[in-house]
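A.B. asks: Here's a structure for you.
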Amino acid sequence: MAKDETETKDSDRKSMVIWNDEAMATSFANVVNVQGTREQVEVFFGTNRSWNPADAGPLRVDLTNRVIMTPFAAKRLHQILTGVLREYEARHGILKVED
């Protein structure tokens with residue numbers, strides 16, 4: 001079991017997080033979509049199988065994973081991804097994406 005132990009101080013309490021990756025699966029995604037309700041946020045991951053998106057045919061995306069989380073967890077994910085992408089762009093340049 002791989003584990004990364006992290007101690008944090010909250011008031012006078014110490015807590016430890018043990019990251020257990022024994023059942024973790026790894027997937028590749030180059031497409032992501034999100035939908036949400038008041039109670040949950042769903043993030044869908046998939047792979048674009050079309051070699052040339054300029055082709056007139058339909059764009060094929062194979063969805064492979066769905067992650068369902070609370071709005072609080074989605075907010076934390078947003079904060080973490082914002083920080084990671086800020087560091088990435090500082091090192092490698094701005095990423096331009098279509099709206």
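We did not get these values from a lab; they are worked out from the coordinates using the rules stated. Model, not experiment: these values are computed from the prediction. When we count neighbours, we look across all protein chains shown, and the Cβ atoms used for this are built from the backbone with ideal geometry, even at glycine.
A.B. asks: So if I take the centroid of the Cα atoms in segment 50-87 and the same for segment 25-41, what is the distance between those two points in Å?
C.D. replies: First find each Cα centre; the distance between them is then 6 Å.
A.B. asks: Neighbour counts of other C-beta atoms within 10 Å: give me Thr64, Thr26 arranged from fewest to most.
C.D. replies: Neighbour counts put them in this order, fewest first: Thr26, Thr64.
A.B. asks: Next up: Taking the number of other C-beta atoms within 10 Å as the exposure measure, put Val32, Val67, Val41 in order starting with the fewest.
C.D. replies: By the 10 Å Cβ count, ascending: Val32, Val67, Val41.
A.B. asks: Ranked by Cβ crowding within 10 angstrom, fewest neighbours first, how are Phe28, Phe45 ordered?
C.D. replies: Fewest-to-most Cβ neighbours within 10 Å comes out as Phe28, Phe45.
A.B. asks: Which one, (i) 47; (ii) 14; (iii) 20, gives percent of Cα pairs over 24 Å apart as derived from the coordinates shown?
C.D. replies: Looking at percent of Cα pairs over 24 Å apart for this model, the match is (i).
A.B. asks: Pick out, in residue order, every one of the chymotrypsin sites (Phe, Trp or Tyr not before Pro) in segment 48-99 that is DSSP loop and has at most 12 other C-beta atoms within 10 Å; say none if there are none.
C.D. replies: Answer by residue number: Trp51.
A.B. asks: Which distance in nm do the two modelled labels at Ser50 and Tyr88 give, with both placed 7 Å along the Cα-to-Cβ direction?
C.D. replies: 2.3 nm
A.B. asks: Rounding to the nearest 10 and keeping the result within 0 to 90°, find how far the Cα-based axis of helix 71-92 lies from the longest principal axis of the chain.
C.D. replies: Long axis of 71-92 versus the principal axis of the chain: about 70 degrees.
A.B. asks: Next question, about the same structure. Pairs of alpha-carbon atoms within less than 8 angstrom and 6+ residues apart define the contacts here; what relative contact order does segment 27-92 have, in percent?
C.D. replies: Answer for segment 27-92 is 27 percent.
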